[in-house]
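The values are calculated or read from the model by the stated rules, or taken from the named source; none is laboratory data. The structure displayed is predicted, hence computed values, not measured ones. All Cβ positions, even for glycine, are placed from backbone atoms using ideal geometry, and neighbour counts span all protein chains on display.
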Amino acid sequence: MPNEAINHSVEQASPPSLARRGFLRRGGAGAVATAVAALSHPEISLGQPGTPTPAPEANNLPPNVAEWTRTLGAPTASPYGTPSKFETKAIRNLYPGLKEPMSAYSTTPLQELDGIITPNGLHYERHHAGVPQVDPAQHRLMIHGLTDRSMIFTMEEIRQFPSVSRIHFLECSGNPSFLPPYGKTAAEVAGLVSGAQWTGVPLRTVLEYLGLKPGAKWIVAEGADGAAMTRSIPIEKCLDDVLLAYSQNGERLRPEQGYPLRLFVPGFEGNMSIKWLRRLHVTEQPGYTREETAKYTDLMADGRARKFSFVMECKSLITSPSGTHKLERKGLHEMRGIAWSGRGKITRVDVSVDGGDNWKPATLDAPVLSKALTSFRAPFEWQGQELMLMSRAMDETGYVQPMLSQLIDARGKVSFYHNNSIQPWKVATSGEVTNGRA
Ligand SMILES: Nc1nc2c(c(=O)[nH]1)N[C@H]1C(S)=C(S)[C@@H](COP(=O)(O)O)O[C@H]1N2
Ligand SMILES: [Mo]
């Protein structure tokens, strides 16, 4: 293609006010990025394009024609697609074995991802006894106790009930713990949260089909893994938005997410969304199981523990730039991140570049859904000085995400779970970004 035509199409594709050849030539790629960032935030005036940034080393500038343009590609990729081989960083961090072997977890690489949906292969994992390989033809769900009828369902029978698809986050209540070390990357700091569209049968539908007896106040849910993970869920929640989920982002659940059936309890701590679900026992009292007494309770300074902390409170995280990223040029940048609340919708996210002395509102991107990840973004200027980036979310109940010091004031230092505090990222004069808490 002649150079003239390429230049022409560059201009056509550019926003009208930028379609000045001189501007594009003078400023280079950095200036275009700056200008485009400013255009999507009209409150920011462009000012001077700043120091022209040299284009990155490129051996494929026109008129060179790339190797992949001169040869034929593979007719199709594979029966099940995988990411580009160049995307080597978008992988889960694996933490095999906590105290017991097979009690393991992996984190979502939040710093590599965009938007509110986590690809299934990158959803975080938490297993207390490894990932069982459950045969769906052999798997059964028993529902019994304070019901008019007790029943054992096959997967086929479960899927015959009317089903819904809903976008929600899932977060482990140990994301992250209160205790150092705090981790370098967004994944290490808070990668035990993911977002997905979950498809399943509202538990309410099945409970209405079976009939609830008077006195039915709790449902004790049990998994089919070696841990037989067991948690109690209040009946009001079960009749509200709990799902018997069998699909995740359009395909059947992954084995690590509970294939073929999991409980999905929107907005509540991840531990309650029992995977490989095999039993629901309708009871008058909670089970007071290991995972809701010895574990997953918040220990207070005076040695007593809070009885149940089900809801995941409002939280946000800047994912770009974040720990181990580097600002490569001076000028205007865009902070991007995610915010979520177990109590409903995110109504506002504020951001700060000076460690919380000054705040300004970020833009929330649609869709803003209840108990789902919400994308936010905000422009910021970097001229080589030190910055401390922070984000602070607010939800529709008016709750505001706290600083870590506020949580410690309220709960003391022995608390372990439910740390939803503001995460600082420090930008050094070199442009390198590190954990502001370390
Ligand atoms: N049966 C069973 N369900 C389980 C667990 C488990 O080990 N076994 N782990 C729980 C915990 S602690 C969390 S945070 C979530 C993690 O779900 P995920 O692995 O799909 O991200 O599942 C919960 N449900
Ligand atoms: Mo968890």
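Before moving on, here are some points about what is shown:
- Which numbered condition Tyr95 fails, given (1) surrounded by 10 or more Cβ atoms within 10 Å (Cβ to Cβ); (2) farther than 28 Å from Leu122 by Cα; (3) among the aromatic types (Phe, Trp, Tyr): (2)
- Listed by first and then second residue, the pairs with beta-carbon distance under 8 Å, at least 6 apart or on different chains, first residue in segment 256-267 and within 14 Å of ligand 2 (Cβ to nearest atom), second part of a helix (DSSP H, G or I), are Gln257/Asn120; Leu263/Leu203; Leu263/Met272; Val265/Lys237; Val265/Met272.
- The residues of segment 161-177 that are assigned to a loop (DSSP other than H, G, I, E, B), in contact with a strand residue (DSSP E or B) (Cβ under 8 Å, 6 or more places away or on another chain), surrounded by 13 or more Cβ atoms within 10 Å (Cβ to Cβ) and not small (Gly, Ala, Ser), listed by number, are Phe161, Cys172, Asn175.
- Filtered residues of segment 309-333 (kept if surrounded by fewer than 19 Cβ atoms within 10 Å (Cβ to Cβ) and either hydroxyl-bearing (Ser, Thr, Tyr) or over 16 Å from Glu432 (Cα atoms) (or both)): Ser309, Val311, Thr324
- If only residues of segment 195-227 that are within 15 Å of ligand 1 (Cβ to nearest atom) and of a type in the set (S, T, N, Q) are counted, the one that is surrounded by the most Cβ atoms within 10 Å (Cβ to Cβ) is Thr199.
- Total residues in segment 93-127 satisfying the condition of being assigned to a loop (DSSP other than H, G, I, E, B) and either touching a residue at least 40 places away in the same chain (Cβ under 8 Å) or in contact with a Gly (Cβ under 8 Å, 6 or more places away or on another chain) (or both): the figure is 13.
- Yes/no for Ala186 being more than 26 Å from Gly211 (Cα to Cα), at pLDDT 95 or above, out of contact with any Lys or Arg (no Cβ under 7 Å at 6 or more places or on another chain) and surrounded by 14 or more Cβ atoms within 10 Å (Cβ to Cβ): yes
- Listed conditions (1) surrounded by 18 or more Cβ atoms within 10 Å (Cβ to Cβ); (2) small (Gly, Ala, Ser); (3) touching an Asp or Glu at 6+ places or on another chain (Cβ under 9 Å) are all met by Ala305, apart from (1).
- Cβ-Cβ contacts under 6 Å between residues 6 or more apart (or on different chains), taken from a first residue in segment 169-183 that is more than 18 Å from Ala301 (Cα to Cα) to a second residue that is aliphatic (A, V, I, L, M) and within 7 Å of ligand 1 (Cβ to nearest atom), are listed as Cys172/Leu192; Asn175/Leu192.
- Qualifying residue in segment 178-196 (condition: among the β-branched types (Val, Ile, Thr), outside any helix (DSSP H, G or I) and either within 16 Å of ligand 2 (Cβ to nearest atom) or in contact with a His (Cβ under 7 Å, 6 or more places away or on another chain) (or both)): yes
- Residues (of a type in the set (A, V, I, L, M) and out of contact with any strand residue (DSSP E or B) (no Cβ under 7 Å at 6 or more places or on another chain)) located in segment 132-154: Val134, Ala137
- Residue within segment 228-242 that is of a type in the set (S, T, N, Q), surrounded by 23 or more Cβ atoms within 10 Å (Cβ to Cβ), within 16 Å of ligand 2 (Cβ to nearest atom) and not in a loop (DSSP other than H, G, I, E, B) present: no
- Qualifying residue in segment 331-340 (condition: part of a loop (DSSP other than H, G, I, E, B) and of a type in the set (D, E, K, R)): no
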